[in-house]
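Report on the following structure.
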Amino acid sequence: MAYSDKVLDHFKNPRNVGTLNKEDKNVGTGLVGAPECGDVMRLQIEVDEETKVIKDAKFKTFGCGSAIASSSLATEWLKGKTVDEALSIDNMDIVEELALPPVKIHCSVLAEDAIKSAIKDYQEKNGVA
Amino acid sequence: MANKLIYLDNNATTPTDPRVVEAMVPYFYQHPGNAASRSHPFGWAAEEAVDTAREQIANLIGADSKEIIFTSGATESDNLAIKGVYEMYARKGNHIITCTTEHKAVLDTCHKIEKQGGEVTYLEVKRDGLIDLAELEAAIKDNTILVSIMFANNETGVIQPMKEIGQICAKHGVLLMSDMTQAVGKIPVDVKELGIHLAAFTAHKMYGPKGVGALFVNRKKPRVKVTAQLDGGGHERGMRSGTLNVPGIVGFGKAAQIAKEEMDQDAKRLSVLRDKLENGLLQLEESVINGNTEYRMPHVTNISFKHVEGEGLMMTFNQNIAVSSGSACTSASLEPSYVLKALGLGDDLAHSSIRFSLGRFTTEEEVDFAIDAVSKGVNHMRDLSPIWEMYKDGVDLESIEWSEH
């Protein structure tokens, strides 16, 4: 199975790898997947208190190339978006952008889950329903 | 060496030895005959070439040439042996014993037999991949007709105690079949000494061509017969119809002859290289060998690199190095290796496994390159891995509620 150039690019030069302080009130952390399933994504966002714009996003992923590329792409897309805008990111957008084959669609679903989970964590910390 | 392709996936298939190719070439055009054409020189030449190959192959496994049935490969041989015995010995019984780490060609054949009303016992293996001989003996019943245990495992290289298994089968008067695909041509195999009655193997795992295999069928004490699975011209003593693949068979024979002569030196050289590779990679923290290391093929190692996913890891070096992974992502099934799981590995460790299988053409320079590239890959993937970070921070991974998906 050959990978698309975009998957290879994100895999070889992953964007925004790292860790934000999950205790920080402005940081939301999403940890999704399971080691038994072969995919674990941790995606973090840091939201500007005033503007509610995501000013930083970081990830670490245990998984195949498509999983790493999906989460790397997600962090790129998140930066500069408001929380509300971020919620509208759909897994099929990731599938399209990375040209993921059908067997790898679950990687994009996981990335969407990670985004939603990170936002939920941020909202809960900040008393937003 | 940046653009060099290094092949460490010899358990999947081996390159065809150039000496084998050379031996095959005349049988495509110069000697085009059908080995079953008894009435002209073209047929005679083909038949003679097949006879020679049959001798060479029989000689490699300690059999008589009349006991070699040519097939299209080991999958067909496994099917013919198991289904053929099940049908031929139906009056004697309908129970077959095999084990959970067998190749799918054996397991799926057994599943089909169960659907047809047969009874199959799947022996579990121990943590090191070996079957428990006492369990095997206890599983034999009055209606048991066949025990089918592979010689060496394709994923781990673990070698089963065939001699002891042969003794147990002899004691109870049960036929013993072995899928010897990974062993023949690489380590000494003597079917008579081991008490094996049927054995499946193939040319392309021993530097021969793809598309030709063999089934050894014992002829004396006991005389074993299998019901043919293909109807046709009654070739191969009526057990396997179909025009013989003469060039393929010639290549298979040549590969067997070379293996017989060079096996010992190849095995010695490869076990040194394998150990070098293995020791080099075990320098990485949290890396473990899967399967027994004492009873193991000399050219194989299967290693799990904890908290790194196998397919992702392979992607870091697969422009240069070819290996296999037990990770789900490399197969269509999304389930990680059933062989490693049968050894008691958790799904997480099965996902983290890589199989390295060296071969006749592997060099020390390639092994050195592989140690370096794989080590860099593991470190890179761990830098990306959230569970590696948690492990390093002392988080108990078992305590986390993962969202299974």
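Bear in mind these aren't lab numbers, they're just calculated from the coordinates by the rules spelled out. The structure presented is a predicted model; accordingly, all values stated were derived computationally and were not measured. All Cβ positions, glycine included, derive from the backbone under ideal geometry; neighbour counts span all protein chains shown.
Some notes on this structure:
- Relative to the longest principal axis of the Cα atoms of chain B, the long axis of helix B:246-282 lies at roughly 20 degrees.
- Relative contact order, whole percent, for the range B:31-127 stands at 18, derived from Cα pairs under 8 Å and 6 or more residues apart.
- Two-site FRET efficiency, B:S37 against B:L282, from Cβ-Cβ distance with R₀ of 41 Å, rounded to 0.05: 0.10
- Charged side chains reduced to their Cβ positions (Lys and Arg at +1, Asp and Glu at -1) give the range B:208-266 a dipole of some 480 debye around its Cα centre.
- Positive-end residue of B:A139, B:H307, B:V339, charge dipole of chain B with Cβ unit charges: B:A139
- Relative intensity, log₁₀ I(q)/I(0), of the range B:1-118 from a Debye sum that treats every alpha carbon as a point, q = 0.12, 0.13, 0.14, 0.16 Å⁻¹: -0.72, -0.81, -0.89, -1.01
- Dipole of the protein assembly as shown [Lys/Arg +1, Asp/Glu -1 at C-beta], most positive-end residue of B:I371, A:A67, A:A34: B:I371
- Its Cα centre serving as origin, the protein assembly as shown has a Cβ charge dipole (Lys and Arg +1, Asp and Glu -1) of approximately 2220 debye.
- Pairwise Cα distances in the range B:128-260 exceed 24 Å for 35 percent of all pairs.
- Inter-label distance for A:K25 and A:E96, nm, one decimal - labels placed 7 Å from Cα along Cα-to-Cβ: 3.9
- Helix B:74-88 axis versus longest C-alpha principal axis of chain B: approximately 60°, rounded to the nearest ten.
- Taking every DSSP bridge with both residues inside the protein assembly as shown, close to 70 percent are antiparallel.
- Backbone geometry of the range B:147-160 corresponds, through the Karplus equation with coefficients 6.51, -1.76 and 1.60 at θ = phi - 60°, to 3J(HN,Hα) couplings of 10, 10, 10, 6, 6, 10, 7, 5, 8, 10, x, 5, 9, 6 Hz, x marking Gly and Pro.
- Theoretical ellipticity at 222 nm over chain B - DSSP helices of four or more residues, -39500 (n - 2.57) apiece, nearest 500: -12500 deg cm²/dmol
- Set of aspartates and glutamates with alpha-carbon distance to A:K22 below 16 Å, sequence-local pairs under 8 removed: A:E46, A:D48, A:E49, A:D56, A:D121, A:E124, B:E389, B:D393
- Mean separation of Cα contacts under 8 Å (6+ apart) over length of the range B:253-315, as relative contact order %: 31
- Residues of the range B:151-184 with an amide N closer than 13 Å to a point placed 7 Å from the Cα of B:D275 along the Cα-to-Cβ direction: none.
- Listed as lacking a disulfide-compatible partner in chain A: A:C37, A:C107, by the criterion of no other cysteine Cβ under 4.7 Å.
- Using a simple spin-label model with pseudo-atoms 7 Å out from Cα toward Cβ, B:H111 and A:N126 lie 5.1 nm apart.
- If R0 is taken as 45 Å, the Cβ-Cβ distance between B:K220 and B:L397 corresponds to a FRET efficiency of 0.20.
- For the range A:33-47, backbone phi angles converted through the Karplus equation (6.51, -1.76, 1.60; θ = phi - 60°) give residue-by-residue couplings of x, 8, x, 5, 8, x, 9, 9, 10, 10, 10, 10, 10, 10, 9 Hz, Gly and Pro being listed as x.
- Measuring nothing but how far apart in sequence close Cα pairs (under 8 Å, 6+ apart) lie, relative to its length, chain B scores a relative contact order of 21 percent.
- Karplus-derived 3J(HN,Hα) values for the range A:68-81, using 6.51 cos²θ - 1.76 cosθ + 1.60 with θ = phi - 60°, are 5, 5, 4, 6, 4, 4, 4, 5, 4, 5, 5, 5, x, 8 Hz; glycine and proline are entered as x.
- Distance from the C-alpha centroid of the range A:1-19 to that of the range B:340-359: 25 Å, rounded to the whole angstrom.
- When the Cα atoms of the protein assembly as shown are aligned to their principal axes, the ranges along those axes come out at 94, 53, 41 Å in descending order.
- Toward the positive end of the charge dipole of the range B:64-177, with +1 on the Cβ of Lys and Arg and -1 on the Cβ of Asp and Glu, the farthest Cα among B:N153, B:A105, B:N94 is that of B:N94.
- For the range B:25-90, convex hull volume per residue from C-alpha positions, Å³: 117
- Entries of B:K205/B:K254; B:K163/B:K205; A:K12/A:K81; A:K12/B:K276; B:K83/B:K341; B:K186/B:K268 with Cα pairs more than 19 Å apart: B:K163/B:K205; A:K12/A:K81; A:K12/B:K276; B:K83/B:K341
- Long-range Cα-Cα pairs in the range B:44-193 (distance over 19 Å), rounded percent: 55
- B:S352 long-range amide H proximity, modeled H, under 5 Å: B:G310
- In the range B:229-337, the alpha-carbon atoms span a convex hull of 205 Å³ per residue.
- When the Cα convex hull of chain A is projected onto planes of every orientation, the mean area is 7.5 nm².
- Extent along principal axes [Cα atoms of chain B; Å; largest to smallest]: 76, 52, 35
- Normalised radius of gyration (Cα atoms, divided by 2.2 N^0.38 Å) for the range B:261-403: 1.08.
- Residues with amide H under 5 Å from that of B:D179, placed H, sequence gap 5 or more: B:I149, B:M150, B:F151, B:A200
- Note on the range B:1-44: Cα convex hull, mean projected area over all directions, 5.3 nm².
- Mean shadow area of the range B:338-405, taken as a quarter of the surface of its Cα convex hull (nm²): 6.8
- Once backbone amide H atoms are built at 1.01 Å from N, B:A35 has B:L244 as its partners under 5 Å, excluding neighbours fewer than 5 places away on the same chain.
- Neighbourhood charge, 13 Å Cβ-Cβ cut-off, centred on B:Y338 and excluding it, Lys, Arg +1 and Asp, Glu -1: -4
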